[in-house]
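*Asks:* So that we are looking at the same thing, I have put the structure below in structure tokens.
The values are calculated or read from the model by the stated rules, or taken from the named source; none is laboratory data. All figures in this text were calculated on a predicted structure; none of them were measured in a lab. Cβ atoms come from the backbone with ideal geometry, glycine included; neighbour counts cover every protein chain shown. Ligands, DNA and RNA are stripped out before the accessible areas are found, and what is left, the full protein with its side chains, is counted by its heavy atoms. Shrake-Rupley method; radii C 1.70, N 1.55, O 1.52, S 1.80 Å.
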Amino acid sequence: MVTVNEAREDKTATASPFAMACRFCGASAEQEFVDLGMSPLCESYLPADQLNQMEPFYPLRVNVCARCFLVQLPEYVSPADIFTEYAYFSSYSSSWVEHARVYTESVRRRFGLNERSFVIELASNDGYLLQHFVQANIPVLGIEPAVNVAEAARARQVPTRCCFFGVDAARELAAAGEQADLIIGNNVLAQVPDLNDFVGGVKIALKPTGVVTMEFPHLMRLMQENQFDTIYHEHFSYFSFLTAERIFAAHGLTLFDVEEIPTHGGSLRIYARHTDDAMHNVTDAVANLRGREERAGLTKLATYEAFAEQVKETKRKLLAFLIGARRAGKTVVGYGAPGKGNTLLNYCGIRTDLLEFTVDRNPYKQGQFLPGTRIPIRHPDALEQAQPDFILILPWNLTDEIVAQLDYVREWGARFVVPIPRVRVL
Ligand SMILES: [Zn+2]
């Protein structure tokens with residue numbers, strides 16, 4: 001017979017400090033996917049008067065569930081600490097606003113949305129997307145947990161409720177007769193700590209004939225293209241199509257279509273409906289993507305285990321480039337101050353000795369410092385003054401837009417450097 005004390009000793013001897021219950025299926029998920037060391041919260045920009053203070057760093061160690069292959073982070077930080085004041089305003093990226101406009105037109109046509117429809121967007125940010133429905137007289141409701149961002153949305157006439165979404169919020173909506181014809185969730189699924197509560201809420205807030213569309217970064221692309229810098233504490237989960245399909249099915253929702261879109265280095269846009277609503281047939285794109293993910297090895301644990309080494313090699317190559325440039329007397333500065341840049345720079349240990357400063361169009365970030373690395377963030381005009389030899393593009397997913405915007409840096413012969421999937425000088 002095993003006594004309570006013996007069992008406890010046994011547990012401390014074998015359990016990984018990073019062990020967790022899978023946030024979807026509940027199995028023990030302690031298999032390492034990648035360990036990016038210690039990192040501060042990637043959106044915690046520092047004002048100058050905090051430079052003489054400490055910063056909290058949290059482990060950035062990612063697990064994979066051996067049963068359902070959900071790639072996930074333990075909840076190192078609570079969402080209330082992360083999302084109630086958020087520095088990301090979607091409207092500052094012009095390609096992002098355009099992406100939203102094109103999407104809005106496409107779903108309006110495909111699902112016949114009009115003045116009598118009702119559209120809910122989860123994590124609606126500053127209303128950059130819903131504004132297009134408002135302009136077309138389609139009633140909308142945004143749900144956005146960050147107070148300052150929700151205020152910005154209301155200022156542009158987008159009705160917005162400031163709360164976290166889940167089963168409770170969905171029941172309130174349903175009770176008030178506010179079920180949706182379309183529920184949109186773009187870049188929010190990854191940020192939900194209680195995945196089952198969130199998807200369960202979507203089921204409740206959706207009309208019997210309603211449609212859900214969600215966009216999230218595609219795990220297959222993350223793995224194939226070394227996009228480890230898109231991992232941060234704010235992103236609790238990373239989805240293949242196969243795993244997303246399992247999660248929605250468990251809540252009575254069927255994915256009937258999927259599109260692969262270029263945002264964030266390769267995302268999926270899934271289309272879901274109630275499983276018992278036969279209005280929309282399941283398209284060939286669904287079986288096609290399932291097959292490609294299986295052939296890419298996403299149903300085998302060994303594929304996930306191989307990712308970490310690829311990440312280490314990407315770091316070594318980026319450091320080799322930066323050290324080589326500095327030794328040759330060249331100057332390197334950054335462009336952009338996105339969350340992904342902070343994961344990259346902290347993991348690689350890149351500070352002002354290798355990257356003097358970065359610039360960003362978002363006035364909220366200008367004059368502040370990157371978390372952890374404390375690289376100063378300046379106005380884009382600083383590029384012209386400094387005339388650097390190399391500009392490292394941190395939001396590499398927006399490379400085309402940035403290179404076009406910064407055409408003038410060619411005057412002094414500056415060259416662009418992209419860090420991911422592998423360091424490349426353009
Ligand atoms: Zn699982």
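*Asks:* Need at least 3 residues that are open to solvent by 40 Å² or more (accessible area, probe 1.4 Å) per element, so show me which helices (runs of 4 or more DSSP H) inside region 272-366 make the cut, counting only ones lying wholly within it. Lay out the reasoning, then the answer.
*Replies:* Details: elements: 284-295, 301-305, 307-327, 339-348.
Once the helices (runs of 4 or more DSSP H) in region 272-366 are filtered for at least 3 residues that are open to solvent by 40 Å² or more (accessible area, probe 1.4 Å), what remains is 284-295, 301-305, 307-327.
*Asks:* Please work out if GLU260 is surrounded by fewer than 20 Cβ atoms within 10 Å (Cβ to Cβ) and not in a loop (DSSP other than H, G, I, E, B).
*Replies:* Values: surrounded by fewer than 20 Cβ atoms within 10 Å (Cβ to Cβ): yes; not in a loop (DSSP other than H, G, I, E, B): yes.
Against the criterion (surrounded by fewer than 20 Cβ atoms within 10 Å (Cβ to Cβ) and not in a loop (DSSP other than H, G, I, E, B)), GLU260 qualifies.
*Asks:* Among the numbered conditions (1) out of contact with any Phe, Trp or Tyr (no Cβ under 6 Å at 6 or more places or on another chain); (2) farther than 29 Å from GLY266 by Cα, tell me where LEU398 comes up short.
*Replies:* (2)
*Asks:* Would you point out which residue out of LEU129, LEU113, LEU141, LEU173 is among the aliphatic types (A, V, I, L, M), crowded, with 24+ Cβ neighbours inside 10 Å and touching a residue at least 24 places away in the same chain (Cβ under 8 Å)? First the steps, then the outcome.
*Replies:* Numbers: LEU113 fails: crowded, with 24+ Cβ neighbours inside 10 Å; LEU141 fails: crowded, with 24+ Cβ neighbours inside 10 Å; LEU173 fails: crowded, with 24+ Cβ neighbours inside 10 Å.
Criteria check complete, one pass: LEU129.
*Asks:* OK, next. Is there a residue being at pLDDT below 95 and within 16 Å of the ligand (Cβ to nearest atom) anywhere in region 75-83?
*Replies:* Filtering region 75-83 down to residues at pLDDT below 95 leaves 75-83.
Next cut, within 16 Å of the ligand (Cβ to nearest atom) only: 75.
Yes - at least one qualifying residue is present in region 75-83.
*Asks:* So, of the residues in region 23-63 that are within 19 Å of the chain's Cα centre (by Cα) and within 9 Å of the ligand (Cβ to nearest atom), which turns out to be modelled with the highest pLDDT?
*Replies:* PHE24
*Asks:* A follow-up question, please. Residue pairs, Cβ under 6 Å, 6 or more apart or interchain, first in region 53-76 and free of Cβ contacts under 8 Å to residues at least 60 places away in the same chain, second of a type in the set (D, E, K, R) and more than 13 Å from the ligand (Cβ to nearest atom). List them.
*Replies:* From residues that are free of Cβ contacts under 8 Å to residues at least 60 places away in the same chain, the pairs are ARG61/ASP35.
*Asks:* Filter region 394-426 for residues that are surrounded by fewer than 11 Cβ atoms within 10 Å (Cβ to Cβ) and among the polar types (S, T, N, Q) and give the result.
*Replies:* Passing the criteria: none in range.
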